Structure formats: C-alpha cells, structure tokens
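What follows is calculated from the coordinates using simple rules that are stated; it is not laboratory data. The structure displayed is predicted, hence computed values, not measured ones. Cβ sites come from the backbone with ideal geometry, for glycine too, and all protein chains shown count toward neighbours.
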Amino acid sequence: MKKIIKTHRILKIKAIKGFNLYCIFNNGETRIIDFKKLFSSWKVSKKDPEYLLLDESEFKKVKLRNQTLSWKNVKIELTDWEGNKAVHPYELSPDILYEHSQPTQTTRHQFFFGTIIKDTRIKKGLSQQELALLSGTSKTYISRVENNLVEPEFTTLYKIIEVGLGKKIRVAID
C-alpha cells in the first residue's frame, strides 16, 4: 500500500509567472503559490526580509534548495545556541508553502486508475471484496482506489490489474 506522505517537500519549480510559482510537491501535486496574496496576508512591510521579494526581478531569483524555495539574494542573520551569528538565504517551510498554495487545474500528473479498475471489476462480475482477496489488498483499499482517493504504487497496481483482474498493464514513456 502507498505510504501517506505527511511532510510536504518541493521537488521541482515548474514555472514562475509574475509572483505565482508553480511547484511540484512530493505528493505528486502541481500547486500554485501566489506570493502577492501570501505577502499581503502577512502584511509584509519595509522592515521585513520578504520586502525585497516584492520586486519581481528579485523574486524571480528563487531556487530550489533542500526541497524548498530559497532566495540567496535575501539574507537572514541567525544566531545559534552558542551565540555565533551566521547568514543564510531566505527560505520558507515547504509545509507553509503547501498550506498557502492551490492545486493547478491540470491533473495530468494524477492517473485516476480507479474508474478503469471499477469498470473492469464490474464487467468481470467481481465484488470489491473478491478483487481485494485476489490481489492481496483490502476491500477498503479497493474502494479508495476506485474512488480516486489514492493512487496505488506500481506493484500494487500490477497485483490489482494483472493478478486480480487478469488483465495486462502497458506503460509508455514519451
């Protein structure tokens, strides 16, 4: 069964359009982070480090570092436990970024095998319980897959389709 990812991380910056960043998160979602809206809600002022990022040319200097967004052009001075000061790039927690983002309208990265599995299961005259037993999963898991609430890992998908349903999987990379 696919593990539920609880800690959000950014895998890729897909695009930057104005103050909108399109990022692919580790749960497979492509999400939009509207920084104009975010900084407005935070009431960013001249005294805040984010203020420099209200300049679009400075904002676009964003890079991916440690699976989050990082701006080397904005310096943050931090003091460690021993009183030593160190300068770091401005970074935001990926959990905060996820929380303040919206999913994109495109869902090409989501596969939604559920409908295909459900239609095939019904055509074969199998119940969810019977398919679960044949494929080594649970009725609850089959229900969640069929309702597109989870995307099965490839090995589980293989068991459901090839073992449980007696069909073949074909994969192509374009």
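Odds and ends about this structure:
- One residue stands out among those in segment 13-56 that are touching a residue at least 24 places away in the same chain (Cβ under 8 Å) and of a type in the set (F, W, Y): the one that is surrounded by the most Cβ atoms within 10 Å (Cβ to Cβ), which is F35.
- Residues in segment 130-143 that are in contact with a Ser or Thr (Cβ under 9 Å, 6 or more places away or on another chain) and assigned to a helix (DSSP H, G or I): L131, A132, S135, K139, Y141, I142.
- Evaluation of V62 against (1) surrounded by 12 or more Cβ atoms within 10 Å (Cβ to Cβ); (2) more than 16 Å from I10 (Cβ to Cβ) (one fails), failing number: (2)
- Per this entry, D174 is counted among residues that are closer than 30 Å to N66 by Cα, in a loop (DSSP other than H, G, I, E, B) and of a type outside the set (A, V, I, L, M).
- Scanning segment 116-158 for residues that are polar (S, T, N, Q) and on the phi > 0 side of the Ramachandran plot gives a single hit, N148.
- Segment 138-171 - residue that is exposed (fewer than 13 other Cβ atoms within 10 Å of the Cβ) and of a type in the set (A, V, I, L, M) and, of those, nearest to T115 (Cα to Cα): L149
- Hey, K72 within 18 Å of D95 (Cα to Cα), in contact (Cβ under 8 Å) with a residue 12 or more places away in the chain, of a type in the set (K, R) and assigned to a strand (DSSP E or B) or not: no
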